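A short write-up of the structure that comes next.
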Amino acid sequence: MQDILLEMRGITKRFPGVKALDNVNFAVRRGEIHCLVGENGAGKSTLMKVLSGVHAYGTYEGDIIFAGKTAKFHNIAESETAGIAIIYQELAQFPELSIYENIFMGHEIMRGRTIDWNQTIVRAREVLSRVRLHENPATKIKDLGVGKRQLIEIAKALAKNVKLLILDEPTAALNEDDSENLLQLLRELKGQGITCIMISHKLKEIVEIADTITVLRDGMTVCSMDAQRQKVTESEIIKHMVGREIDDIYPKRKKKSAGDVIFAIRNWTVVDPATGRELLHDVNMEVRSGEIVGLAGLMGAGRTELAMSIFGNTPGYKIVSGELWLKGKKVDLRSPRACIDAGLAYVTEDRKRNGLILIQDIRFNTTIAALQKLTRGLVVDGNEEIRVANEFKDAINIKAPSIQQLVGNLSGGNQQKTSLAKWMFADPEVLILDEPTRGIDVGAKYEIYTLMNQMVERGMSIIMISSELLEILGMSDRLYVMSEGTITGQMPVEEATEQNVMALATRTREVTA
């Protein structure tokens with residue numbers, strides 16, 4: 001008989017008007033890496049919050065059996081005491097405090113009535129070595145990159161003698177090297193007897209690392225697949241996730257001959273006004289009417305800096321030289337409002353912080369960027385606003401009870417669709433999409449790719465920034481590659497391969513005196 005560490009039986013969780021989990025059954029073997037997958041809103045995170053005590057015992061139906069005993073966790077502290085630790089995609093850390101203070105926050109090493117700081121630092125070094133992180137424990141969290149911060153969260157869990165480690169989208173914000181480093185660490189922890197549950201939308205990683213894969217759909221368990229006994233493919237996972245076959249994740253578009261140049265950047269050089277460091281150097285780029293132009297590069301290449309500096313965000317960027325041309329005219333766009341009025345829009349990579357107003361509803365977020373279209377004199381036509389919001393909700397399949405649903409309560413994929421609806425209503429000539437599918441599932445990705453194709457077929461031009469090279473190759477007509485703040489090459493997508501794009505993305509810029 002298999003050694004089962006965790007069994008969740010008949011878990012049902014209701015929120016007002018919504019059944020988030022419906023009789024879910026979930027079992028995890030001791031010492032395995034168990035991947036939990038499903039579309040946004042399928043119930044993955046809710047199930048893990050039930051397990052970790054975020055949703056307390058008594059607020060759900062069903063039973064949790066952990067290490068052979070029935071568990072009734074009323075809070076996170078009780079689940080941690082039992083040996084369960086959960087690490088969320090948005091890390092819960094104190095940036096101004098040191099590594100060792102963050103690791104032992106809430107479970108300090110005491111000597112009498114005071115904290116034993118010497119022993120704290122010694123223990124911090126021990127758990128840091130287990131995650132292969134050789135940083136000074138006194139280093140402040142704010143001085144570390146995302147990849148190292150993720151490792152510190154795992155070190156924090158190890159310091160609590162964790163038996164079951166839950167990771168929610170652990171590689172979503174990591175580059176390829178940091179992602180591979182994290183996956184290798186999970187393999188090592190497995191060898192040390194630690195059981196892992198990993199939630200991820202990156203199917204390539206799941207196929208690579210999972211011992212067992214459980215799929216949730218619409219709050220219900222669809223299946224569990226034993227990846228140790230038989231090979232599980234990405235297409236098989238997708239079929240179970242979305243309930244249908246998706247033969248080509250990148251929907252085909254009838255490609256027309258590119259039109260005239262509608263947007264151009266000439267000799268664009270930008271520095272950080274606080275430090276004087278050059279962020280962008282002599283960038284030149286053209287976008288033609290009715291095409292998708294991909295912008296590839298490694299993390300830190302300058303892609304987001306290019307988008308932000310173009311979109312009138314001058315306080316954080318000092319434009320040293322360069323010109324913007326839109327529809328054949330040189331333009332001076334020194335504010336986001338000026339960009340929007342001129343026909344240029346930007347969908348940020350951080351939809352929660354900069355792209356949406358989470359405490360407002362779908363209606364508000366859909367119309368806010370082009371509210372002048374709905375004004376009659378000085379008054380917003382409320383009926384027309386409702387009509388427009390409902391039209392976009394239906395057209396792009398935002399899954400919500402109504403347009404009065406708060407955006408903060410939507411899944412990641414539906415938040416991204418709302419962000420796109422905002423700019424579709426504004427109807428720009430050129431739309432910059434910065435990581436448009438980050439943190440969303442394969443079904444929602446397909447819908448967003450379809451929306452992109454529809455926008456381009458209507459005459460819009462798109463600049464797409466993505467860290468997923470296959471996404472760039474699958475959706476672009478042409479692509480530019482950036483490295484160290486400059487363009488290192490461009491090519492039609494027919495000539496692009498993963499090898500030649502990566503060669504350009506790792507090219508070092510020569511700096512002349």
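Can you work out the accessible area per residue across the chain, with the rest of the protein chains kept in place, probe 1.4 Å, in square angstrom? Can you show the working numbers first?
Numbers: 23530 Å² over 513 residues.
Result: 46 Å² per residue.
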Checklist entry - When the Karplus curve 6.51 cos²θ - 1.76 cosθ + 1.60 is applied with θ = phi - 60°, which whole-Hz ³J(HN,Hα) does each residue of the range 264-278 get, with x for Gly and Pro? => result 8, 10, 10, 6, 8, 10, 9, 10, 7, x, 6, 10, x, 6, 6
Item to check | With Cα atoms, 0 to 90° folded angle of helix 117-130 axis to the chain main axis | outcome: 70
Checklist entry - Can you list the aspartates and glutamates whose alpha carbon sits under 15 Å from that of residue 255, skipping same-chain ones fewer than 8 residues off? => result 291, 457, 477, 494
Next on the checklist: Given bins 20 angstrom wide, list per bin the percent of all Cα-Cα distances in the chain, short to long.
Outcome noted: 20, 51, 27, 2
Checklist entry - Hey, if you drop one equal point scatterer on each alpha-carbon of the range 353-444 and run the Debye formula without solvent, what base-10 log of I(q)/I(0) do you get at q = 0.10 Å⁻¹? => result -0.24
Checklist entry - Okay, helix-only estimate at 222 nm for the chain: each DSSP H run of n ≥ 4 adds -39500 (n - 2.57), divide by all residues, round to 500 deg cm²/dmol; what do you get? => result -9500 deg cm²/dmol
Next on the checklist: Suppose accessible area is computed on protein heavy atoms with a 1.4 Å probe; arrange 204, 254 from highest to lowest.
Outcome noted: 254, 204
Item to check | Anchor residue 231: aspartates and glutamates whose Cα lies under 12 Å away (excluding residues fewer than 8 positions away in-chain) | outcome: 208, 211
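How large a share of the accessible area of the range 223-345, in percent, is made up of carbon and sulfur atoms when the probe is 1.4 Å and the other protein chains stay in place?
Details: 3060 of 6450 Å².
Carbon-and-sulfur percentage of accessible area, whole number: 48.
With all protein chains present, how much of the accessible area of the range 410-513 (probe radius 1.4 Å) comes from carbon and sulfur, to the nearest whole percent?
On the way: 1720 of 3570 Å².
Roughly 48 percent, rounded to a whole number.
If you take all C-alpha pairs in the range 45-116, what percent of them are over 17 Å apart?
Across the range 45-116, Cα pairs with separations above 17 Å total 54 percent.
In terms of the ratio Rg/(2.2 N^0.38 Å) built on C-alpha atoms, what value belongs to the range 335-488?
Working: Rg = 15.7 Å, N = 154, 2.2 N^0.38 = 14.9 Å.
In units of the 2.2 N^0.38 Å rule of thumb, it is 1.05.
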Item to check | Solvent-accessible surface (1.4 angstrom probe) belonging to residue 466, in square angstrom, nearest 10 | outcome: 0
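Once you keep just the Cα pairs under 8 angstrom separated by 6 or more residues, what percentage relative contact order results for the range 41-165?
Details: 137 pairs, mean separation 34.4, N = 125.
Normalised by residue count, the contact order of the range 41-165 is 28 percent.
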Item to check | Reachable aspartates and glutamates from residue 140, criterion Cα separation under 16 angstrom, eight or more residues apart if same chain | outcome: 96, 101, 153
Checklist outcome for this item: Taking every DSSP bridge whose two residues both lie in the range 410-513, the antiparallel percent to the nearest 5 is 55
Next on the checklist: For the chain, take the longest principal axis of its alpha carbons; what is the angle in degrees between that and the long axis of helix 382-395, to the nearest 10 within 0 to 90?
Outcome noted: 70
Next on the checklist: Can you give me the C-alpha center-to-center distance between the range 221-235 and the range 458-473, rounded to a whole angstrom?
Outcome noted: 31
Next on the checklist: Please report, in whole Å³, the volume per residue of the convex hull around the C-alpha atoms of the range 425-495.
Outcome noted: 113
Checklist entry - Just going by the charge dipole of the range 439-513, with Lys and Arg at +1 and Asp and Glu at -1 on Cβ, which of 488, 503, 474 is farthest out on the positive end? => result 488
Checklist outcome for this item: The helix 412-426 Cα axis meets the longest alpha-carbon principal axis of the chain at an angle in degrees, between 0 and 90 and rounded to 10, of 10
Item to check | Counting DSSP beta bridges with both ends in the chain, the antiparallel % (nearest 5) | outcome: 60
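Tell me, rounded to the nearest percent, the portion of alpha carbon pairs in the range 150-249 spaced more than 25 Å apart.
On the way: 1162 of 4950 pairs.
Result: 23 percent of Cα pairs exceed 25 Å.
Can you order the peptides 317-323, 192-198 by their average number of other Cβ atoms within 10 Å per residue, highest first? Numbers along the way, then the final one.
On the way: 317-323: 15.4, 192-198: 19.6.
Ranking, from highest mean packing down: 192-198, 317-323.
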Next on the checklist: If each residue of separation counts as 0.36 nm, what is the full-extension length gain between residue 18 and residue 507 once their alpha-carbon separation is subtracted?
Outcome noted: 171.0 nm
Next on the checklist: Leaving out ligands, DNA and RNA, and with a 1.4 Å probe, what % of the accessible surface on the range 90-205 is carbon or sulfur?
Outcome noted: 48
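Among the listed pairs 49/190; 44/163; 72/156; 190/445, give every one whose C-alpha distance is greater than 27 Å.
Values: 49/190 22 Å; 44/163 20 Å; 72/156 23 Å; 190/445 31 Å.
From 49/190; 44/163; 72/156; 190/445, over 27 Å: 190/445.
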Checklist entry - Using θ = phi - 60° and the Karplus curve 6.51 cos²θ - 1.76 cosθ + 1.60, what whole-Hz ³J(HN,Hα) does each residue of the range 316-333 get, with Gly and Pro shown as x? => result x, 9, 9, 7, 7, 7, x, 9, 10, 10, 10, 6, x, 10, 6, 10, 10, 10
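In debye to the nearest 20, how big a dipole does the chain give about its Cα centre with +1 on each Lys and Arg Cβ and -1 on each Asp and Glu Cβ?
Numbers: 64 positive and 68 negative charges, 181 e Å.
In total the dipole reaches around 880 debye.
The values are calculated or read from the model by the stated rules, or taken from the named source; none is laboratory data. Please read these numbers as outputs of a predicted model, since none were measured by experiment. Virtual Cβ from ideal backbone geometry, glycine too; neighbours counted across all protein chains shown. These accessible areas exclude ligands, DNA and RNA; they are computed on the full protein's heavy atoms, side chains included. Shrake-Rupley method; radii C 1.70, N 1.55, O 1.52, S 1.80 Å.
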